[in-house]
Each structure stands twice: as structure tokens, then as C-alpha cells.
Amino acid sequence: MGFLRVLLLMVLALEIFSSAWATDATQRNALKPASHSSKKTDKQTAQASKGQLPKQIMSAHTEDLRALMLALYEAHPEELAKSTAMGPREMTEWVFDGKFGWRFDALRSMQDQQALNLLFDEQFQGDHVLALVAGLETSLFHGYGAENEFAIPTEQESSSMQTLSCTLRDFQTRYHALMNGPKSVPMLQQTASQQLVSSTLQGILLRIPFSRGQPCT
């Protein structure tokens, strides 16, 4: 009986040790940084858009901007409060799924570069998140030759794509420069928000054909 008891205790101890070792190994693996191969690179993002129809690419742009608007409203409730008492998600859905033709009274119906320029206007006291997203979304579908994000034509002119890319690159540079500018609006000065906008723009730009042999003017 004594021998069987000792043997049973040894088996039990072995099982406990094995379980503890497996748990420790799992925790160590969870703390390891993701491998480089698991990260989506810029090259992969650009390649993913190849072979897609312009309407499909525009849909990807729209989803990026939808996510950006939600993230910025969550980070800057003071901007959301300028437009509505709704929550960030409800406001984002209202903007993207509403039937307003992307013309908002809060932006005086401005679109494209006019809406984006409100971000650099020190007199503008309105919703900077709305101005940013509405300006970018309308710049994109107009650049693709449509009046809305659902009517993107199949054929695209390379010159139009070059112009759109240059316009967005210029805006990206101007927005980043706000970090050292006189603006007191938190969304326009906080590094985290600027990086979020820049990374979203970079993802959008990677999908737009751009010929480096034809520099922006």
C-alpha cells in the first residue's frame, strides 16, 4: 500500500508540473511581439488593391474613414459635442449612412478641399472631426469621378488618380505641420490623433495609383 501511495503522489506531482509548465509557456508566447511576417506591410496593402475594381477600392477607403471618425470621436468628445448629443458610434453611422449627400449644415455644405480647409481656419469653431472626414470622403469619390461613394465608374484616368494622390499627400503634410502651429484645438495638436490621421491617409494613398515619374506640382 505504501508503494502504491508513493507512486500515486509521484504521478500527481508530474501532472501538476506539466500543467504549470504549459501555462507558463502559453504566457511567455502571449508576451512575445508579433513576428514581422504577421504584420500587414505597406507592400501587402498596395498589392491587395491590385485587380480590384475602383468601386471596391473606394469601399475600402470609406471603411477606413468610418473607423477613423469613430476613433477620433471617442478620443475627442469635445468635438462630438459641437455637433450632437449622440454617442460616437451613433454619430458615425448617421454621417455615413444618412441621406444627406455629404452636405452638412455644420460645414455650410462644404465638401472636398473647402471642408478640409476648415481645419486650418482659426475662426472655425465647429466639429473638426466632421470637417476632416467629410472633406476626405468627398475628395475621394469626386477624385474617382462620382457624385457619391456608390457610383464609382469602372474606368479611371491615370491623371485623375495622380491629382487625387497629390492632393491627399499635400493635405497629409499640412495636417502634420499643425503639431507646431498656433491651433489650440486638441484634435489638431495631439500627437496620437495626428498619427492616427496620418496612418489612415497612408493606407488610403497606398491604394491609389501614383507615378513617381510625374511629381506633384
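FYI, it's all coordinate maths here, none of it is from the lab. What you see is a predicted model, and the numbers here were worked out from it, not measured in a lab. Backbone-built Cβ (ideal geometry, glycine too); neighbour counts: all protein chains shown.
Taking Cβ atoms as reference points and 13 Å as the exclusive limit, the residues near residue 59 contribute a net charge of -1, counting Lys and Arg as +1 and Asp and Glu as -1. In percent, rounded to a whole number, the relative contact order of region 47-207 is 26, using alpha-carbon pairs under 8 Å and six or more apart. If a/c stays under 1.5 just call it rounded; otherwise compare a/b with b/c (prolate if a/b is bigger, oblate if not). Do that for region 47-207, with a ≥ b ≥ c from the square roots of the Cα gyration tensor eigenvalues. Prolate is the answer for region 47-207, as a/c is 1.5 or above and a/b outweighs b/c.
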